[in-house]
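To start, the structure under review is shown below, and the notes come after it.
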Amino acid sequence: VTTEQDDPAFAGYALGDLASRLGGLIHGDRDCLIRGVAVIQQASPGTVTFLANPRYRKYLAGTSASAVILSSDELDACPVSAWVVDNPYLTFAKVAALLHAAGDFREGVHETAFVSPDSRLDETAWIGPYSVVDSGAEIGARVQIGPGCYVGEDCFIGEASRLVAHVVLCGGTRIGKRALVHPGVVIGSDGFGMANDGGTWIKIPQLGRVWIGDDVEIGANTTIDRGTIEDTVIEDGVKLDNQIQVGHNVRIGAQTAIAGCVGIAGSTTIGKRCAIGGGAGIGGHLEIGDGVQITGMCMVTKSIREPGIYSSGMPAQPNRIWRRGIGYFRRIEELVRRVQTLEEKLARHD
Amino acid sequence: VTTEQDDPAFAGYALGDLASRLGGLIHGDRDCLIRGVAVIQQASPGTVTFLANPRYRKYLAGTSASAVILSSDELDACPVSAWVVDNPYLTFAKVAALLHAAGDFREGVHETAFVSPDSRLDETAWIGPYSVVDSGAEIGARVQIGPGCYVGEDCFIGEASRLVAHVVLCGGTRIGKRALVHPGVVIGSDGFGMANDGGTWIKIPQLGRVWIGDDVEIGANTTIDRGTIEDTVIEDGVKLDNQIQVGHNVRIGAQTAIAGCVGIAGSTTIGKRCAIGGGAGIGGHLEIGDGVQITGMCMVTKSIREPGIYSSGMPAQPNRIWRRGIGYFRRIEELVRRVQTLEEKLARHD
Amino acid sequence: VTTEQDDPAFAGYALGDLASRLGGLIHGDRDCLIRGVAVIQQASPGTVTFLANPRYRKYLAGTSASAVILSSDELDACPVSAWVVDNPYLTFAKVAALLHAAGDFREGVHETAFVSPDSRLDETAWIGPYSVVDSGAEIGARVQIGPGCYVGEDCFIGEASRLVAHVVLCGGTRIGKRALVHPGVVIGSDGFGMANDGGTWIKIPQLGRVWIGDDVEIGANTTIDRGTIEDTVIEDGVKLDNQIQVGHNVRIGAQTAIAGCVGIAGSTTIGKRCAIGGGAGIGGHLEIGDGVQITGMCMVTKSIREPGIYSSGMPAQPNRIWRRGIGYFRRIEELVRRVQTLEEKLARHD
């Protein structure tokens, strides 16, 4: 990755110029030069850091950054130049993207890649070492296919999308523009569909495909199954973390973000702008509405139609206390009966 | 995938002929031609759909399918030709398999594949691009090894099995006939075995292998570890969904189906015809009997010997209610004491 | 894997010689020859087995092993030669490693591998079929890179480390000495970092790397994300099982062992010598101290600073009982109120 910051001749951006470009107000030295970003507790001069999570407030007084992106509430405590914005994390994202550009686009087909003669490849796309583009596939402008990928028959990949490495797209998968797909991802594998015939499982052919919109990011080793008949759909701007399992016929609405290790069973629909915490499990054939937030390790067994935050699970306790709690829980029915008995006795007393 | 349905000259099967072949009774037009399958809410003329899950009953009246596979209970409400059977989902599976045949078998070794000279390869097998077959491996008739697979030393793959793409079989793995192994699967990696030597972990060599029976399906990115000394065993007809982890020395009985994201710790035995829901976790050194059903996200810490349905976990609630519930649960011991005190006081009153 | 045991001319080690080498006392025939290891219930003459887990005590009387490694408590019940040690499992690990040596080291670059001319490769390293070593990477002495791996730009791999097959190291990843990395592992993929800009997600560039110490083992399909700015760090001797997800900026302390399917969210620090059970989920920005043990499927939402065992979760119950328990739990607030009412009434009685 080559960035301006890596260039020894790059002196940096003036802090004031960054604020003019990205918004916000500078309190302090508008002319100080910013060459990179840093975390607050380990920043060095020439970097800009940020304060968004209150857990890190304790590091503010001692930071060695040249400037700190923060909200106006934190301004008084800032020992260096302050860049005051409404959403410090968002401004940090933008300045980091500006200072540290993404990897260069490459072009052409690596000498060791195998591209089927009846695929259509934009001349500005790059196919890396040992990657395979199968027959009928269509690869758009500036698409980057890293080493060891497999793009199956009749797949479509829209412009400027990137498969980092070792990505598998099974036949017919459609990916929109500017997708970022991390290593080990499998898209379009068969859904888990079968019918029981007197004790023996009969496979249901999985005839649908996977349709992925624009600006989608998919984390390492995540799997997305093809639909049974209709398509599995991931709408624009969806962000999926690592090791997520998306079952067949699922639809995930635009701009929904899902953290790692979530499992979504087949035929479930998730709305737009949802946020789902890591390790959550969502049952099959459910409807989760727009704007629903689900916390980590939550077990979702019914549809959720109202926006809001939903949770389940028992946070960790010392083992001895947990064991006792489990015991009491298992006898909760007995406890209810004891209370009922008391109520009846007391009623007789009254 | 070439199917009869894709052939423009294919007019379809007569509905009555399908019923003669697969069982059931037609109410309506036995001569209508069926070219494909569809879901009930989006079917078009020329397709057959099915009604098995009551959630979809609401779509029956408006379906545009030429025929619906359903049970006799639903017959009266069917607006088009009805194909009445005992198990609509099973009949649907069979008709879908008939109309949409699996991918063609290919033969030969791709020019970019690497096959060790001392492996044994049936001449009807196919080895795809960039796949490796290592020394001593034996590949049966019509086996299909897709792109980017690794078949380790002394592996055995029985006839008509298919590794879709990017599958890793570590040395000594044995797979039976007609297996279907999806991308990213790793079979035969080392189990997690080590002994602690005064604070330092010492690895236990993993000397066993993985033995997989006939007609097994294994979902994308699932991992199955080799045994420590004996083999890890997956019996005939087992169906594993995506991202399942099977620890060393585990045995899974015939025709058991396991949904995605399940983890099975080492040395556990699971019986035949079990059904295990997504995200369940099963501890090590346990015995799960035949015919046990375990619901999604269930935490199994003890052996289960009786058939039946087993569950655990707390379904999602609005976050505020969940937080309150957790608080009460943490004080349940105090509540039990309060009830006890009340009982003692009341006893003194009596 | 070639081992002395596989050599038909290898007669075995005398039991007494093994004890002299690895410690412990022999009760019985010091001269009996040991050719291999076995599990207690299926051992044959010429093998040594062990008894560590009381679940297996029932097999001791009938074992056909030539010798059993056990603790002095079990000595009286041993029907064959006994090898008495303090930690039978540890001695078993050592004798298994002695009798069954790890795979031979290979050297050189496979004819189908692609090694960038500006990488640095020790001449004793091995690069297997279809593996890629990208520019600037440095590969140490006796490193073994199996088939289909990708070693990204500027990666470093220390001496005698082994990538079994299909491992992806994204650019800048650093791995120490004697690492063992199983198939499907992805190290250095982007962390899940983004900021919300009025409903649209903006990616936070992930600029840190992954730093892995010496003697680390990483299980199949595990993923470890690069840090946002600082590095994600896995210290010496850490053992990770299969399908673990390690988020960005996480630090895992030396000799910590983590079982399969665990998810660790970003910026969490885990101490040294911790043991984390399968399927546990650990939230982001937490601190887990040294020597903490977390049981399987535990949900960790707060920092844990004291050593000890921590747990959560509700073990499986028959479905009917579980459903009733859930119902009572949902009405626990009502139960608390009823107890309170009783207390007030009784107070008026007194």
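For the range B:189-247, the set of residues classified as of a type in the set (S, T, N, Q) and within 24 Å of C:Q42 (Cα to Cα) consists of B:S189, B:Q206, B:T228, B:T232, listed by residue number. The residue that is farthest from the chain's Cα centre (by Cα), among those in the range B:225-252 that are away from chain A (no Cβ under 13 Å) and more than 17 Å from B:I288 (Cα to Cα), is B:I229. The combined condition, being without any contact (Cβ under 8 Å) to a residue 60 or more places away in the chain, part of a helix (DSSP H, G or I), over 27 Å from C:S303 (Cβ atoms) and among the aliphatic types (A, V, I, L, M), is not fulfilled by A:A19.
When each of A:S71, A:S44, A:S81 is tested for being among the hydroxyl-bearing types (S, T, Y), at pLDDT 95 or above and more than 19 Å from C:I202 (Cβ to Cβ), the lone residue that passes is A:S81. All conditions in (1) out of contact with any Asp or Glu (no Cβ under 9 Å at 6 or more places or on another chain); (2) under 21 Å from C:V168 (Cβ atoms); (3) of a type in the set (A, V, I, L, M, F, W, C) hold for C:A125, with the sole exception of (1).
Scanning the range C:22-47 for residues that are within 11 Å of chain B (Cβ to nearest Cβ), of a type outside the set (S, T, N, Q) and free of Cβ contacts under 8 Å to residues at least 60 places away in the same chain returns C:A38, C:V39, C:I40, C:A43.
For the range C:125-183, filtered to residues that are β-branched (V, I, T) and farther than 20 Å from C:H248 by Cα, the residue that is farthest from the other protein chains (Cβ to nearest Cβ) is C:V143.
Please enumerate the residues belonging to the range A:185-195 that are more than 7 Å from chain B (Cβ to nearest Cβ) and assigned to a loop (DSSP other than H, G, I, E, B).
First pass over the range A:185-195, keeping only residues more than 7 Å from chain B (Cβ to nearest Cβ): A:185, A:187-188, A:191, A:193.
Correct list: A:V185, A:G191, A:G193.
Based on what the data block shows, is B:A220 in a loop (DSSP other than H, G, I, E, B) and within 7 Å of another protein chain (Cβ to nearest Cβ)? Step through it out loud before you land on a result.
Values: in a loop (DSSP other than H, G, I, E, B): yes; within 7 Å of another protein chain (Cβ to nearest Cβ): yes.
The answer is yes for B:A220.
Would you confirm whether any residue within the range A:202-217 is within 9 Å of another protein chain (Cβ to nearest Cβ), under 28 Å from B:R273 (Cα atoms) and not in a loop (DSSP other than H, G, I, E, B)? Among the residues of the range A:202-217, at least one is within 9 Å of another protein chain (Cβ to nearest Cβ), under 28 Å from B:R273 (Cα atoms) and not in a loop (DSSP other than H, G, I, E, B), which makes the answer yes. Residues in the range B:272-294 that are surrounded by fewer than 21 Cβ atoms within 10 Å (Cβ to Cβ), of a type outside the set (A, V, I, L, M) and out of contact with any helix residue (DSSP H, G or I) (no Cβ under 7 Å at 6 or more places or on another chain) were compared, and the one that is nearest to C:N221 (Cα to Cα) is B:G284.
Among the residues of the range C:88-109, those that are free of Cβ contacts under 8 Å to residues at least 24 places away in the same chain and crowded, with 19+ Cβ neighbours inside 10 Å comprise C:L90, C:A93.
A:Y328 satisfies every condition listed in (1) at pLDDT below 95; (2) under 19 Å from the mean Cα position of the chain (by Cα) except (2).
B:P79 falls short on exactly one of the conditions (1) outside any loop (DSSP other than H, G, I, E, B); (2) out of contact with any Pro (no Cβ under 7 Å at 6 or more places or on another chain), and that condition is (1).
If you scan the range B:52-81, which residues turn out to be touching a Cys at 6+ places or on another chain (Cβ under 8 Å), of a type outside the set (G, A, S) and within 16 Å of B:G36 (Cα to Cα)?
Filtering the range B:52-81 for residues touching a Cys at 6+ places or on another chain (Cβ under 8 Å) gives B:60, B:66-68, B:70, B:81.
Remaining after also requiring of a type outside the set (G, A, S): B:60, B:68, B:70.
Scanning the range B:52-81 gives a single hit, B:V68.
Scanning the range B:48-78 for residues that are loosely packed, with under 13 Cβ neighbours inside 10 Å and within 14 Å of chain A (Cβ to nearest Cβ) turns up B:P54, B:R55, B:K58. Residues considered: B:G278, B:G325, B:G313. Of these, the only one that is free of Cβ contacts under 8 Å to residues at least 40 places away in the same chain, facing chain C (nearest Cβ under 7 Å), part of a loop (DSSP other than H, G, I, E, B) and within 30 Å of A:I304 (Cα to Cα) is B:G313. In the set A:I326, A:I258, A:I252, A:I304, only one residue is under 25 Å from A:A179 (Cα atoms) and out of contact with any Lys or Arg (no Cβ under 8 Å at 6 or more places or on another chain); that residue is A:I252. Residue check: B:G198 meets all listed conditions (1) within 12 Å of another protein chain (Cβ to nearest Cβ); (2) touching a strand residue (DSSP E or B) at 6+ places or on another chain (Cβ under 8 Å) but one, namely (2).
Of all residues in the range A:225-233, none are surrounded by 24 or more Cβ atoms within 10 Å (Cβ to Cβ), touching a Cys at 6+ places or on another chain (Cβ under 8 Å) and assigned to a strand (DSSP E or B).
Of the residues in the range A:282-291, at least one is among the small types (G, A, S), closer than 27 Å to C:N196 by Cα, touching a Lys or Arg at 6+ places or on another chain (Cβ under 7 Å) and within 11 Å of chain C (Cβ to nearest Cβ). B:E334 falls short on exactly one of the conditions (1) surrounded by 15 or more Cβ atoms within 10 Å (Cβ to Cβ); (2) within 10 Å of chain C (Cβ to nearest Cβ); (3) more than 18 Å from A:G284 (Cα to Cα), and that condition is (1).
Of everything listed in (1) in contact with a Lys or Arg (Cβ under 7 Å, 6 or more places away or on another chain); (2) assigned to a loop (DSSP other than H, G, I, E, B), the single unmet condition for C:G62 is (1).
The values are calculated or read from the model by the stated rules, or taken from the named source; none is laboratory data. Just so it is clear, the model here is predicted, and its values are computed rather than measured. Quick reminder, even Gly has a Cβ in these numbers, built from the backbone with ideal geometry, and neighbours come from all protein chains shown.
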